[in-house]
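Notes to accompany the following structure.
The values are calculated or read from the model by the stated rules, or taken from the named source; none is laboratory data. In this text the structure is predicted, and so the values were computed from the model without any measurement. Please note: Cβ atoms are built from the backbone with ideal geometry, for glycine as well, and neighbour counts cover all protein chains shown.
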Amino acid sequence: MTNLTSRFACLLSMAVVVTSALAGCSLPSQDQVDCDFKPVSDKGLEYGRDVAIVMAPTENFVNFGNVLDSSEALVNEALGLAGASLSIVVADGRPSLVRNVSPQLADTDDGTMILNRRLLGSVRDVYFCTAGESEQSVINPIVLEPEVDFLAALSVAAGKLDSGRAEEKRIVMMGNGIQTAGQYSFSKSGIPSEAQVGDIVGDLKSQGALPDLKGATVDFVGLGLVNSSEPPLNQQSLDGLVAFWRAIVAASGGYVGTIMTQVVDGAPSPDSIAVAAVEGLKDACINESVAESDGISFNPGNAEFIDVGAATATAQNIATKIAAAACPGDITVIGYVASATPQAQYVFGNAEDEQLSLARAEAFKALLVSAGVATNIVTVGAGKGPVNDWDEAGNFVENLGQQNRKIVVTQ
């Protein structure tokens, strides 16, 4: 009788675990977290995906526990149902692989979902070991280095995606993307504008500072978010930040998947990564963006308007807004172009695109002057626009390229 009772209790316990996992409840991975994570072997198995989590629980970010809760569905999708190997990288001032979990395989989808829940528990354990506040006992906690280096962290993560046995590669970057250390630091140079991104990323690539993301999809959770005690980033800073990371992924041979920007706010843990202050871009008094749908369409390869009448009307409309706003300072007209070439062949910051985009900015400037704008106008050729105009295979996509062929007027 005692044996039957024990077996029933065991089965009941297993049922509770399975039911909780399928219901999406957060179960602790264990009663005590030992942060001395030992390297594990993938045992030569073939499996569905190599997945890496890059996590940066910084003091200027929202509560990281909320980030983990908000990203659960995305991480589950990244892990898939064909088995996954998981690597967890902490993006502090000296990024490193903190934990790797061998491929998790099951015979059924339900079984795989349970295994994925355990993988998510592994991510939470790393948070508890680094910066989190946990009700569980934590031994051998991991000491975090000040500042955050997402670029180097992506390189570490990319190095764990080359097993050769997985069909897909995924990286989920959990952090606000505000880089304060490494090869390019926003704390030293400020957040770049969209117009600066092409040259910056081109320089980083020529310096060999970019990760090898060929064949990998990169998702972002919390990009541009800061907690409510920090000054929020304005739209210009957000646009520049997103453009920077899109370009980093594209120039590294990867593909941008989901960018999740909605995460519940909350105070970060007191043990979060300490970071330097970063200066955002100044608010624009005038910020007008016009593209082909607004009549700003050029003949291929040159700066001649296809419909001069439509372009003139658009310029007149912006001139009217400039006069009404009466903003101080120079006006800047920025030209952008499409890549019009496969991703593998594209060079960020190339002279040809910058010259063409500058010529188109000059052409629109002439229309503004003709429309009566007397303020000094500065023109900038920014090269390719901020949209990654390639598909997952790296082929140029015309309707995405159309979004890059634009003129931006700021003051």
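For the stretch 100-127, which residues satisfy the criterion of being assigned to a helix (DSSP H, G or I), touching a strand residue (DSSP E or B) at 6+ places or on another chain (Cβ under 8 Å) and either farther than 28 Å from Gly177 by Cβ or without any contact (Cβ under 8 Å) to a residue 24 or more places away in the chain (or both)?
Within the stretch 100-127, Thr112, Leu115, Arg118 meet the criteria.
Being within 24 Å of the chain's Cα centre (by Cα), among the small types (Gly, Ala, Ser) and closer than 22 Å to Gly383 by Cβ: is that true of Ser269 here?
Values: within 24 Å of the chain's Cα centre (by Cα): yes; among the small types (Gly, Ala, Ser): yes; closer than 22 Å to Gly383 by Cβ: no.
Here the answer is no, as Ser269 does not meet what is asked.
What number of residues within the stretch 301-355 are in a helix (DSSP H, G or I), buried (at least 17 other Cβ atoms within 10 Å of the Cβ) and in contact with an Asp or Glu (Cβ under 7 Å, 6 or more places away or on another chain)? Steps first, answer last, please.
Residues of the stretch 301-355 that are in a helix (DSSP H, G or I), as a first pass: 308-325, 343-345, 351-355.
Still in the running and buried (at least 17 other Cβ atoms within 10 Å of the Cβ): 311, 314-315, 318-319, 322, 343, 353-354.
So of that shortlist, the ones also in contact with an Asp or Glu (Cβ under 7 Å, 6 or more places away or on another chain) come out as 314, 318.
Total satisfying the criteria: 2.
So if I check each of Leu97, Leu144, Leu74, which one is under 24 Å from Ile259 (Cβ atoms) and either at pLDDT 85 or above or assigned to a loop (DSSP other than H, G, I, E, B) (or both)? Let's see the steps before the verdict.
Values: Leu97 fails: under 24 Å from Ile259 (Cβ atoms); Leu144 fails: under 24 Å from Ile259 (Cβ atoms).
The unique qualifying residue is Leu74.
Given the options Leu358, Leu367, name the one that is surrounded by 14 or more Cβ atoms within 10 Å (Cβ to Cβ) and over 28 Å from Val256 (Cα atoms).
The match here is Leu367.
Please tell me if Phe220 is touching a helix residue (DSSP H, G or I) at 6+ places or on another chain (Cβ under 6 Å) and aromatic (Phe, Trp, Tyr).
no
Can you tell me how many residues in the stretch 247-266 are part of a helix (DSSP H, G or I) and either surrounded by fewer than 22 Cβ atoms within 10 Å (Cβ to Cβ) or more than 13 Å from the chain's Cα centre (by Cα) (or both)?
Residues meeting the conditions: 1.
Given the criteria within 20 Å of the chain's Cα centre (by Cα), in a loop (DSSP other than H, G, I, E, B) and either within 20 Å of Ala181 (Cα to Cα) or among the aromatic types (Phe, Trp, Tyr) (or both), does Leu238 qualify?
no
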